[in-house]
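Heads up, the thing below is written out as structure tokens.
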Amino acid sequence: MGDQMQILYFEVHSFTDEVFHGNPAGVCPLEEWLDDEMMLKIAAENGLSETAFFVAREGFYELRWFTPTTEVDLCGHATLATAFVLFEHLGYDAEAIRFETKSGALQVGRLGASLIMDFPSRPGEECSAPDHLASGLGIPVKEVYKSRDYLVVLPDEDVVRALDPDFSELLQVDALGIIVTAPGDDVDFVSRFFAPRAGVNEDPVTGSAHCTLAPYWAERLEKKDLSARQVSDRGGELACRIVEDRVHIAGHAVLYFKGVLSVE
């Protein structure tokens, strides 16, 4: 047996103020980067939709996110979780945290009990439905947009909630994820997010999807401040604001677990 490396580990439930709701994310502070294979192994072992890894630099943090099967270019709930860990458990006391990521510079600040993420806006372009999308969702698909993910607009919240996707079909769709959305009964819009290609059939609450959702609903509803709910089994609440070519996404987070990983 070789020497074991000890890595501090947090599990944070994002976009909620109570455990067992929202989206769980793993957070691993590192002194220096591990090799990619090791980070992927840790993410797979954690079994969460994303595990975040970060390294402190002069005046900012480098941040990366891994699903159980791949590295992703942007992840909202694990960014929120990382900022929560820094603010609440690692003594970070400035007003905002700057992260350098595969999606450029991201900033997270505090407003009362909420954390507010400054993310890039990623509006989708209207397109025809790709093969396997309608069969995967099990319903006719009429209004579709493409950004990083496909965005499918449905008539109402009940249709979104009732979806029972065929993930073997959605696995054939050439995109990281599939967002489905509709007007909400008591919020501006609801959504669900399916990403079988990333090893996550359904993500509980997806901050990055709101980089595409928010600009769509802002234009449709003619308002810049939007209330959102992701209607997965766990569920989550988000507040979005359009600020030029950025989307500010606000939510709460709560610590579920803190411990130490022992890896070789």
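The values are calculated or read from the model by the stated rules, or taken from the named source; none is laboratory data. Fair warning: this is a prediction, and the values are worked out from it, not measured in the lab. So basically every Cβ, Gly included, is an ideal-geometry build from the backbone, and we count neighbours across all protein chains shown.
The rows are residues; the columns are (1) surrounded by fewer than 22 Cβ atoms within 10 Å (Cβ to Cβ); (2) modelled with pLDDT of 95 or more; (3) more than 14 Å from T101 (Cα to Cα); (4) among the acidic types (D, E).
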position: Q4; (1), (2), (3), (4): yes, no, yes, no
position: I7; (1), (2), (3), (4): yes, yes, yes, no
position: F10; (1), (2), (3), (4): no, yes, yes, no
position: F15; (1), (2), (3), (4): no, yes, yes, no
position: N23; (1), (2), (3), (4): no, yes, yes, no
position: L34; (1), (2), (3), (4): yes, yes, yes, no
position: L40; (1), (2), (3), (4): yes, yes, yes, no
position: E45; (1), (2), (3), (4): yes, yes, yes, yes
position: E58; (1), (2), (3), (4): yes, yes, yes, yes
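Taken together, A52, A94, A56, A83 contain a single residue that is of a type outside the set (V, I, T) and within 20 Å of S232 (Cβ to Cβ), which is A52.
Which of the residues that make up region 23-40 are in contact (Cβ under 8 Å) with a residue 40 or more places away in the chain and either within 21 Å of V200 (Cβ to Cβ) or touching a Ser or Thr at 6+ places or on another chain (Cβ under 8 Å) (or both)? Scanning region 23-40 gives N23, P24, A25, G26, V27, C28, M38. Per the listing D188, D174, D164, the residue uniquely buried (at least 19 other Cβ atoms within 10 Å of the Cβ) and either basic (K, R) or out of contact with any Cys (no Cβ under 6 Å at 6 or more places or on another chain) (or both) is D188.
Residues that are modelled with pLDDT of 95 or more, among the acidic types (D, E) and closer than 20 Å to N46 by Cα do not occur anywhere in region 164-183.
Looking across region 102-128, the residues that are surrounded by fewer than 19 Cβ atoms within 10 Å (Cβ to Cβ) and free of Cβ contacts under 8 Å to residues at least 60 places away in the same chain come down to K102, G104, A105, Q107, G109, R110, G112, E125, E126, C127, S128.
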